[in-house]
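A.B. asks: There's a structure below that I have some questions on.
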Amino acid sequence: MPGLILSAPASGSGKTTLTLGLLRAFRQRGVPVRGAKSGPDYIDPRFHEAASGKPCPNLDAWAMPPARLYALAGDDGLLLIEGAMGLFDGAPPDGRGSTADLARLFGFPVVLVVDAARMAQSVAPLITGFAGHDPEVHVAGVILNRVGSDRHAAMLRRALAPTGLPVLGALHRQAGLDHPSRHLGLVQASERPDLDAFLDRAAAAVADAVDLDALAALARPRRRDADVLRTLCRRAPADRIALARDAAFAFAYPHLLDDWHRAGATILPFSPLDDQPVPEADLVILPGGYPELHAGRIAAADRFLSSLRTASETSDIYGECGGYMVLGETLTDAEGQVHRMAGLLPLDTSFAARRLHLGYRSVTATQGPFPGTHAAHEFHYATTLRAEGPSLFKAFDAEGDALPDMGLVRGKVSGSFAHVIEPQRDE
């Protein structure tokens, strides 16, 4: 599969809209194309899938070994990887896990998306610096975004001409291409009734402003390394896994579910928001998502909550982030209203006073369905009001510094705010 990486000097440059427009435009042309997202992002990949019609993997260079990354990036057609943050931005202290790490690993060229709204001739030293910063990261072209006028675009192109880098397109500022967002990022793809119309508008704008043929011609085959092209075999945490899946519980990593399925597990999805009872299973998983936006419906979902409490007597129950909060006693929403949750863990959480918790984690458990050490990620705004009892994980940050223990365990029920991404060693 030939590939390209779409990155930027900084967050907020418009990479996501541009990537979605490119994916939909290539698909409309009949070009086999799919997207991938750098880093631990649950929301953007679902937009990629809607735009391309193909599954979109997360490619996390901090958490995933090369074998995993190679396996996820392999397929037919053109692969467009949307970067996260700026090109060289990653975890502290040295930027590990950056989009540049994927460029080095795969050997894919990078196209820089530059927010030029408040820029003129200064675009040249900016691009020159990025292009020359690392000889192993090949910046192959530039797309100018949020350009104010044709005159502005011409000025930018003249400034960039001496760099020798091709300007593949210039997108003008226009209404209708901004995403609604909330505290964890964009509003989810499943919540946008106008999604197809939005993607078609983005495709039309991109096709009109970007030389799609020149862009596709920059793509290069994936670099191959026989030492890492091995089969990934991960055991499933249980034979029958009941998985909550709806707008409140949408943040489950597809690569882990695929692993468990290949290992022989049966995945049984159900919807707490529709008050569906928990299917009979060995393990029940409540993934992360936005339970705070649906706390009233969850609290009123008597069949779901009753069946969850019954299941906890015989089955393992595990919650991640939002799912962890639902396993607690109460969840206070942003308006200060307190909602009763499952009551399976001695935990009270609140969004009335929000505080950002963000970063990669290395977590180790001796109990629960995920024993051993795992690469994980934490991203939420919830405040813990009360958490009593034994913890689930020993935790360290990306720099190896010890953090307070994470999560709780009570009987067969466990959970934490950490999203498990990848085992750090086979168990």
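A.B. asks: Take residues that are farther than 26 Å from PRO254 by Cβ and of a type outside the set (A, V, I, L, M) and tell me which of the strands (runs of 3 or more DSSP E) falling wholly in the stretch 270-374 contain 3 or more.
C.D. replies: 347-350
A.B. asks: Which residue out of LEU273, LEU286 is buried (at least 16 other Cβ atoms within 10 Å of the Cβ), free of Cβ contacts under 8 Å to residues at least 40 places away in the same chain and of a type in the set (A, V, I, L, M, F, W, C)?
C.D. replies: LEU273
A.B. asks: Of all residues in the stretch 301-359, count the ones that are loosely packed, with under 15 Cβ neighbours inside 10 Å and polar (S, T, N, Q).
C.D. replies: Within the stretch 301-359, residues that are loosely packed, with under 15 Cβ neighbours inside 10 Å and polar (S, T, N, Q) number 4.
A.B. asks: Right, here's the next one. Take the residues of the stretch 194-225 that are of a type in the set (Lys, Arg) and surrounded by 14 or more Cβ atoms within 10 Å (Cβ to Cβ): which is farthest from LYS15 (Cα to Cα)?
C.D. replies: My answer is ARG222.
A.B. asks: Further question: What do you reckon, is ALA51 part of a loop (DSSP other than H, G, I, E, B), touching a residue at least 24 places away in the same chain (Cβ under 8 Å) and not β-branched (Val, Ile, Thr)?
C.D. replies: no
A.B. asks: With farther than 19 Å from ASP211 by Cα and either aliphatic (A, V, I, L, M) or buried (at least 20 other Cβ atoms within 10 Å of the Cβ) (or both) as the only criterion, which of VAL142, VAL147, VAL137 stands out?
C.D. replies: Every option except VAL137 fails the conditions.
A.B. asks: Here's something else I'd like to know. Go over the candidates ASP75, ASP89 one by one and state the one that is closer than 15 Å to SER7 by Cα, acidic (Asp, Glu) and part of a loop (DSSP other than H, G, I, E, B).
C.D. replies: Just one listed residue meets the conditions, ASP89.
A.B. asks: Could you please let me know if ARG386 is farther than 12 Å from GLY328 by Cβ, in the same structural domain as LEU331 (by TED's automatic domain parsing), surrounded by fewer than 16 Cβ atoms within 10 Å (Cβ to Cβ) and of a type in the set (D, E, K, R)?
C.D. replies: no
A.B. asks: Oh, and also: Just to be sure I understand, how many residues within the stretch 49-89 are crowded, with 21+ Cβ neighbours inside 10 Å and either farther than 23 Å from ALA376 by Cβ or not assigned by TED's automatic domain parsing to the domain that holds THR19 (or both)?
C.D. replies: Going through the stretch 49-89 one residue at a time, the tally reaches 6.
A.B. asks: Another one. Within the stretch 28-45, can you find the residues that are surrounded by fewer than 19 Cβ atoms within 10 Å (Cβ to Cβ) and either part of a strand (DSSP E or B) or on the phi < 0 side of the Ramachandran plot (or both)?
C.D. replies: Residues satisfying the conditions are GLN28, ARG29, VAL31, PRO32.
A.B. asks: Being over 24 Å from the mean Cα position of the chain (by Cα), assigned to a strand (DSSP E or B) and under 28 Å from ALA352 (Cβ atoms), is that true of even one residue in the stretch 388-403?
C.D. replies: No: zero hits.
A.B. asks: Additional query: Residue pairs, Cβ under 7 Å, 6 or more apart or interchain, first in the stretch 87-111 and within 18 Å of GLY129 (Cα to Cα), second assigned to a loop (DSSP other than H, G, I, E, B) and charged (D, E, K, R). List them.
C.D. replies: From the stretch 87-111, the pairs are GLY95/ASP89; SER98/ASP89; ALA100/ASP134; ARG104/GLU136.
Residues are listed down the side, and each one gets a yes or a no for (1) farther than 28 Å from SER38 by Cβ; (2) in the same structural domain as THR314 (by TED's automatic domain parsing); (3) at pLDDT below 95:
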{"residue": "LEU344", "(1), (2), (3)": "yes, yes, no"}
{"residue": "SER350", "(1), (2), (3)": "yes, yes, no"}
{"residue": "LEU356", "(1), (2), (3)": "no, yes, yes"}
{"residue": "VAL363", "(1), (2), (3)": "no, yes, no"}
{"residue": "ALA375", "(1), (2), (3)": "no, yes, no"}
{"residue": "PHE379", "(1), (2), (3)": "no, yes, yes"}
{"residue": "ALA395", "(1), (2), (3)": "no, yes, no"}
{"residue": "LEU403", "(1), (2), (3)": "no, yes, no"}
{"residue": "VAL413", "(1), (2), (3)": "yes, yes, no"}
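The values are calculated or read from the model by the stated rules, or taken from the named source; none is laboratory data. Note that this is a predicted model, so its numbers are computed, not measured. When we count neighbours, we look across all protein chains shown, and the Cβ atoms used for this are built from the backbone with ideal geometry, even at glycine.
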